[in-house]
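Scroll down for the structure; my scribbles are underneath it.
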Amino acid sequence: MILETQRLLLREMTLSDLDALLLVLGDAESMRYYPKPFDREMVERWIDRHRHNYAQHGLGLWAMVLKTTGEVIGDCGLVWQEVEGHQELEIGYHVRRDQQMQGYATEAASACQDYAFNVLGCDHRVISLIRKRNIPSRRVAEKNGLKVVQETLWRDIPHYIYAVQRSESKFLTTSNFSEAEKFNNLCTNVEAAHEKHSSIRLG
């Protein structure tokens, strides 16, 4: 387990989660802001990509698990993204369609922001890259204090960059300098790691 909230557990995803994540990422309605829904092979590659991220960076999207039932209903986590030539720490999330509109994405994303600032000691900002038309995801970001700071063309698609600075975060509880130093070392080394290990990308 990585994180626990009132209703959710976030843990590393494994190939045993493939069928559950296919219900999330393979749903045409839920994935309407992506080029296309994922098929089984794409979900397997998605899991492999994030397991690679766990090993390389200690971060990634994690399986979102309902505490009451133990079922995987989506994913949420922290991912390094290259945006306009800079490495940015992004909060991302997907929730199964029948579990949407219940606050799960907001709850999980707030825990990830808390983790970034209070455990990792992130001393800059976290972001979310969101399509302009993706109103539900924009609402999640806004509920957690992120604001639009820029428009960008990311992977050839227009996106808003939502961001919250450490000093602005409503989840900030402490300044842990030893953890901040560890995080800053991770920031410094991430580009070198990116050069050495090619990313697993969707086709």
query = What is the number of the single condition among (1) free of Cβ contacts under 8 Å to residues at least 40 places away in the same chain; (2) within 15 Å of the chain's Cα centre (by Cα) that ARG32 does not meet?
reply = (2)
key: Among (1) without any contact (Cβ under 8 Å) to a residue 40 or more places away in the chain; (2) within 22 Å of ALA28 (Cβ to Cβ); (3) acidic (Asp, Glu), the one test that GLU142 misses   = (2)
request  = Report, ordered by the first and then the second residue, all pairs with beta carbons closer than 7 Å, sequence separation of six or more or different chains, a first member in the stretch 59-73 that is assigned to a loop (DSSP other than H, G, I, E, B), and a second member that is surrounded by fewer than 22 Cβ atoms within 10 Å (Cβ to Cβ) and small (Gly, Ala, Ser).
outcome  = GLU71/ALA20
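Within the stretch 75-100, work out how many residues are without any contact (Cβ under 8 Å) to a residue 12 or more places away in the chain and under 16 Å from VAL43 (Cα atoms). I'd like the intermediate steps shown before the answer.
Applying the first criterion (without any contact (Cβ under 8 Å) to a residue 12 or more places away in the chain) to the stretch 75-100 yields 85-86, 98.
Applying the additional criterion that residues be under 16 Å from VAL43 (Cα atoms) yields none.
Qualifying residue count, the stretch 75-100: 0.
Quick one: in the stretch 125-145, of everything that is touching an Asp or Glu at 6+ places or on another chain (Cβ under 9 Å) and more than 13 Å from VAL83 (Cβ to Cβ), which residue is surrounded by the fewest Cβ atoms within 10 Å (Cβ to Cβ)? Spell out how you get there, then give the answer.
Here is the first cut: in the stretch 125-145, the residues touching an Asp or Glu at 6+ places or on another chain (Cβ under 9 Å) are 125-129, 132, 145.
Imposing the further condition that a residue be more than 13 Å from VAL83 (Cβ to Cβ) reduces the set to 132, 145.
Numbers: LYS132: 13, GLY145: 16.
Only one residue tops the list, namely LYS132.
Laboratory data are not the source of any read-out in this text; all were calculated from the coordinates shown. Keep in mind the model is a prediction, meaning the values are calculated, not measured. Neighbour counts run over all protein chains shown; Cβ positions are idealised from the backbone, glycine included.
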